[in-house]
1. Would you check if there is a residue in the range 299-319 being touching a Lys or Arg at 6+ places or on another chain (Cβ under 8 Å), surrounded by fewer than 19 Cβ atoms within 10 Å (Cβ to Cβ) and touching a residue at least 40 places away in the same chain (Cβ under 8 Å)?
2. Of all residues in the range 362-399, count the ones that are on the phi > 0 side of the Ramachandran plot and under 26 Å from the mean Cα position of the chain (by Cα).
3. Going by what's in this entry, would D182 be described as buried (at least 16 other Cβ atoms within 10 Å of the Cβ), in contact (Cβ under 8 Å) with a residue 60 or more places away in the chain and either acidic (D, E) or in contact with a Pro (Cβ under 7 Å, 6 or more places away or on another chain) (or both)?
4. So which of E190, E158 ends up being of a type in the set (D, E), under 19 Å from N109 (Cβ atoms), crowded, with 17+ Cβ neighbours inside 10 Å and in the same structural domain as R116 (by the TED database)?
5. Within the range 205-301, considering only strands (runs of 3 or more DSSP E) that don't extend past its boundaries, which have at least 3 residues that are in contact with a Cys (Cβ under 8 Å, 6 or more places away or on another chain) and modelled with pLDDT of 90 or more?
6. Given Y348, Y323, Y398, which one is within 21 Å of S295 (Cβ to Cβ) and without any contact (Cβ under 8 Å) to a residue 60 or more places away in the chain?
7. If you go through the range 330-348 one residue at a time, do you hit one that is over 19 Å from R236 (Cα atoms), in contact with a His (Cβ under 7 Å, 6 or more places away or on another chain), among the β-branched types (V, I, T) and at pLDDT 90 or above?
8. How many residues are within 20 Å of E242 (Cα to Cα), in contact (Cβ under 8 Å) with a residue 12 or more places away in the chain and either exposed (fewer than 15 other Cβ atoms within 10 Å of the Cβ) or not assigned by the TED database to the domain that holds D137 (or both) if we restrict to the range 194-227?
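The values are calculated or read from the model by the stated rules, or taken from the named source; none is laboratory data. Nothing here was measured: the structure is a model prediction, and the numbers come from that model. Neighbour counts run over all protein chains shown; Cβ positions are idealised from the backbone, glycine included.
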Amino acid sequence: MLQIFNAMFPLSKKVRSVVSALPVKWCIGLGLKGGKIMRKRKVKLFLSLMLTMILLMPAMSVQAAQTIYNNETGIHDGYHYELWKDYGNTSMTLNSGGTFSCQWSNIGNALFRKGRKFDETQTHQQIGNITVTYGCDYQPNGNSYLCVYGWTVDPLVEYYIVDSWGNWRPPGASSKGTITVDGGTYDIYETTRYNQPSIRGTQTFQQYWSVRTSKRTSGTISVTQHFNAWENRGMRLGKMYEVALTVEGYQSSGSANVYSHTLTIGGSGTNPNPTPTPNPGGNPTRIECENMTISGPYAGVINYPFNGVALYANNDKVSFNQYFASGTHNFSLRGCSNNSNMARVDLYIGGQYKGTFYYGGSYPAVYTINNVSHGTGNQTVELILTADNGTWDAYIDYLEIN
């Protein structure tokens, strides 16, 4: 057995010389086993093996920290990284795992990020659930974002999930609704960049945004839930190019130390900080809209783009009675607009407003309102059109309760 080990792990001259120099009484002292003294040769071989393992330990440690100053991409300690800037003073220290620190000054625009780059062949649904858990000491002076950032292709989209910012809250547009997730509320925006630099050269492309209504610098970002909320509003994503925890500076200075960062891909997509639901893991209750009670001045049944109901004007609605054993549920409504304008359908339970479903285009999508509190027992559930301005109609397919 010893000969086999020596063949697999030959000892260096350095190790043999160190062990050979040990006093015999040390070897005997360390060679007690089961009340018997091991042979000197076996003891020295044992000590040689132990010393070899100690000398090899540095080679098995995490990748050493590395500092870069100019545009560079690569892989460090299992994470893809990138420093990009147009001009100015920047430094980025790549620490263990997904962690890093950065500084910037006198810049035009600079991004520091660590995450994962993909091969542009799969959508986020095919890749699986994506979450980022992080902590950051974030010290911006001027315009800056702390965010999850990335791109998709076909269509080309640049996206941001912003948890904190500097002097200015981006992106300076009209909200397309909100998503409540991970203990906070985010406004959703869509903007267009005309003839600007991108991962495909200078192009015109869309930007998608989720921006938290109150700043934070640590926590979990359920990335996939933001993707789903965007697509429910007609903001379609393509095949994944990148997802990364990012610090961005714009015509500013500052520093950041990302002291913890774990990117997780795959799994069930369960919110790490959920509000308990009355039916965990159970199948949702589905009610087809055409089977509900239809009322209002113009509401009627449709068979395109699905078998469902069209709500054409204010006070058009569908309703039904539902027994609730507990007082918190998630409500998911599949629907769409009849054109590219935003359609809105309100949810009422027991005569009380509980939220709004949004549909940003004619492509059918599912919009979910999570953790809705309501009365128990028999309750009237209503889906009502209340924001008609004459530019869109709402088509609704089914409602799921979970």
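1. The answer is yes; a qualifying residue exists.
2. 1
3. Working: buried (at least 16 other Cβ atoms within 10 Å of the Cβ): yes; in contact (Cβ under 8 Å) with a residue 60 or more places away in the chain: yes; either acidic (D, E) or in contact with a Pro (Cβ under 7 Å, 6 or more places away or on another chain) (or both): yes.
Yes; evaluated as a whole, the condition is true for this residue.
4. E158
5. Here the list reads 239-265.
6. Y348
7. Among the residues of the range 330-348, not one is over 19 Å from R236 (Cα atoms), in contact with a His (Cβ under 7 Å, 6 or more places away or on another chain), among the β-branched types (V, I, T) and at pLDDT 90 or above, which makes the answer no.
8. Of the residues in the range 194-227, the ones within 20 Å of E242 (Cα to Cα) are 196-211, 220-227.
From what's left, in contact (Cβ under 8 Å) with a residue 12 or more places away in the chain: 198-200, 203-211, 220-227.
Checking which are either exposed (fewer than 15 other Cβ atoms within 10 Å of the Cβ) or not assigned by the TED database to the domain that holds D137 (or both) leaves us with 200, 203-204.
Summing the residues that are within 20 Å of E242 (Cα to Cα), in contact (Cβ under 8 Å) with a residue 12 or more places away in the chain and either exposed (fewer than 15 other Cβ atoms within 10 Å of the Cβ) or not assigned by the TED database to the domain that holds D137 (or both) in the range 194-227 gives 3.
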